[in-house]
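Novice: Quick one: the structure is below, questions incoming.
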Ligand code: AMP
């Protein structure tokens with residue numbers, strides 16, 4: 001199995017690159033942000049709860065997010081692997097994911113991290129807001145909050161995978177194709 005964590009700050013290109021990876025490696029794509037947005041669209045209780053955090057650029061609480069992710073994984077059996085996009089975003093989530101996968105006889109193959117400078121992220125998010133209609137991309141205050149949350153709570157997840165020798169940094173600048181081929185190179189080396 002190939003189980004990848006796609007990592008990087010908001011606007012790094014995780015969603016775009018995930019699409020290319022699922023095609024090439026036939027993986028199931030699990031984006032916690034997308035699942036929350038689908039729940040918001042469907043007016044579920046989970047959606048209402050998630051929205052109250054997402055609207056402020058804060059993380060949805062770990063317990064809620066972990067339970068949701070685990071039940072999504074459990075919906076799929078007999079698959080080639082998963083791409084976890086936007087998860088884990090805290091050390092507690094990373095630990096929970098490891099324990100959960102271990103219980104299923106699975107593990108993370110590697111974390112692929114997209115490195116993009118902050119100014120470029122802000123530019124990309126502004127552009128994405130126009131196409132996606134995502135309100136959390138349109139408001140500079142929310143964007144700053146999401147980047148701050150990334151630095152304080154999410155960046156430490158890097159060392160969690162570094163300690164396991166599973167961390168692979170990718171230069172996230174350049175054309176979409178260039179970045180994709182850098183990621184393919186890393187994955188083909190570990191796969
Ligand atoms: P994303 O689509 O990955 O940019 O996520 C959008 C928003 O969903 C984030 O700003 C958080 O509020 C929430 N979210 C997504 N994934 C997680 C996660 N793993 N833990 C907590 N909150 C999350």
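Just so you know, all these numbers are worked out from the coordinates, no wet-lab data involved. Predicted model, so just to flag it, every value in this text is computed and none were measured. When we count neighbours, we look across all protein chains shown, and the Cβ atoms used for this are built from the backbone with ideal geometry, even at glycine.
Novice: Under 12 Å from a point 7 Å along the Cα-to-Cβ line of residue 173: which residues of the range 117-150 have their amide N that close?
Specialist: 117-121
Novice: Follow-up question, since we're still on this one. Highest GNM mean-square fluctuation, the chain, Cα pairs closer than 10 Å: which of 32, 65, 135?
Specialist: 135
Novice: Could you give the spread of the C-alpha atoms of the range 59-191 along their three principal axes, from largest to smallest, in whole angstroms?
Specialist: Computed over the Cα atoms, the extents are 42, 35, 28 Å.
Novice: Compute the distance from the alpha-carbon center of the range 5-22 to that of the range 26-92, in whole Å.
Specialist: Taking the Cα centre of each part, the range 5-22 and the range 26-92 sit 15 Å apart.
Novice: What is the range 1-89's relative contact order, in percent, from Cα pairs under 8 angstrom and six or more apart in sequence?
Specialist: With pairs under 8 Å counted, the relative contact order is 53 percent.
Novice: Follow-up. What nm distance separates the two modelled labels at residue 67 and residue 91, each placed 7 Å from Cα along Cα→Cβ?
Specialist: With each label placed 7 Å out from Cα toward Cβ, I get 2.5 nm.
Novice: Continuing with this model, one more query. Counting only helical runs of four or more DSSP H residues, what would the 222 nm mean residue ellipticity of the chain come to if each run contributes -39,500 (n - 2.57) and the total is spread over all its residues? Before the final figure, lay out the partial values.
Specialist: On the way: 10 runs with 108 residues, N = 191.
Estimated from H runs of four or more residues: -17000 deg cm²/dmol.
Novice: Separate question: Pull out the extension gain between residue 102 and residue 48, defined as 0.36 nm times the separation in residues minus the alpha carbon to alpha carbon distance; nm, one decimal. Provide the component values of the computation, followed by the final result.
Specialist: Working: separation 54, 0.36 × 54 = 19.44 nm, distance 3.13 nm.
Here the answer is 16.3 nm.
Novice: What percent do you get for the relative contact order of the chain when only Cα pairs under 8 Å and 6+ apart count?
Specialist: 33
Novice: Test of understanding: in a Gaussian network model of the chain with alpha carbons linked when under 10 Å, which of 133, 57, 81 would top the mean-square fluctuation ranking?
Specialist: Sorting by GNM fluctuation, first place goes to 133.
Novice: Pulled fully out, how much extra length does the chain show between residue 165 and residue 186, if you take 0.36 nm times their separation in residues and subtract their Cα-Cα distance?
Specialist: Full extension from residue 165 to residue 186 adds 6.2 nm.
Novice: Same structure, new question: Top mean-square fluctuation among 127, 104, 14, Gaussian network model of the chain, C-alpha springs under 10 Å?
Specialist: 104
Novice: Beta carbons within 10 angstrom, averaged per residue: use that to sort the peptides 88-95, 1-8, highest first. Before the final figure, lay out the partial values.
Specialist: Numbers: 88-95: 20.0, 1-8: 22.0.
Ranked from most to least packed, the peptides come out as 1-8, 88-95.
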